[in-house]
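The values are calculated or read from the model by the stated rules, or taken from the named source; none is laboratory data. It should be emphasised that the depicted structure is a prediction, and the values quoted were computed from it without experimental measurement. For accessibility, only protein heavy atoms count, side chains too; no ligands or nucleic acids. Shrake-Rupley method; radii C 1.70, N 1.55, O 1.52, S 1.80 Å.
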Amino acid sequence: MAEPTEKAKGTGRGLKITLILSLAFNLFIVAVVAGAALKHHRWRPHGDIGAGIFTEVLTREDRRALRDAFMAAEPGYRDHRAQTREDMARLAEGLRAEPWDPSAVDALIAEHSARMTERFDLGRRLISDRIAAMSAAERGALADRIDAELQRRKRR
């Protein structure tokens, strides 16, 4: 069998490095999102929908209404945790596989990411709808709470 040329060897190595960097970046994104979700879950055990700064600045009534709207739109929401555990188990399996298949691992990450994006988009739409239903005074009060929260975070 003929020996691969230097150019062919370099191309394969560059592709492997690119795939590994892509995997690392995707895992970083998954870890950041999962970490944020876990952080909010621990601090808000009574049904936080993981809405970032809105979690801090919306009134208790608004958060409850958003949680209820989210649960109505996603009746299987609690099943998502099980799906996430399954995704991570499949990812761990894929990472241990020999021979390692970077494209299969990337597909698992993309599949998980797509599900998370769907949930995030639903939350965004629900928050937007909730804000649209507010009076001018309520929106002003929300803007004031956002400013106060941003100042509080700046001092940290």
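Test of understanding: what is the full-extension gain from Glu86 to Asp129, defined as 0.36 nm times their sequence separation minus their Cα-Cα distance?
Details: separation 43, 0.36 × 43 = 15.48 nm, distance 3.20 nm.
The Glu86-Asp129 span can extend by a further 12.3 nm.
What list of ³J(HN,Hα) values in whole Hz, one per residue of region 61-75 in order, does the Karplus curve 6.51 cos²θ - 1.76 cosθ + 1.60 (θ = phi - 60°) give from phi, with Gly and Pro shown as x?
Karplus values, whole Hz, x for Gly and Pro: 4, 5, 4, 4, 4, 5, 4, 5, 5, 5, 5, 5, 6, 10, x.
Hey, if we sort Ile17, Ile146 by accessible area with the 1.4 Å probe, largest down, what's the order? Intermediate values should be presented prior to the final figure.
On the way: Ile17 80, Ile146 45 Å².
Largest accessible area first, the residues go Ile17, Ile146.
Could you go through region 118-127 in sequence order and give the Karplus-derived ³J(HN,Hα) for each residue, using 6.51 cos²θ - 1.76 cosθ + 1.60 with θ = phi - 60°, rounded to whole Hz, and x for Gly and Pro?
4, 5, 4, 4, 4, x, 4, 5, 5, 5
Using only protein heavy atoms and a 1.4 Å probe, report how much of Arg152 is accessible, in Å² to the nearest 10.
Counting only protein heavy atoms, the figure is 90 Å².
Name the long-range amide H neighbours of Glu74: under 5 Å, sequence gap of 5 or more, or other chain; modelled H, no Pro or chain starts.
none
Alpha carbon centre of region 110-153 versus region 58-99: separation in Å?
Measuring centre to centre over Cα atoms gives 18 Å.
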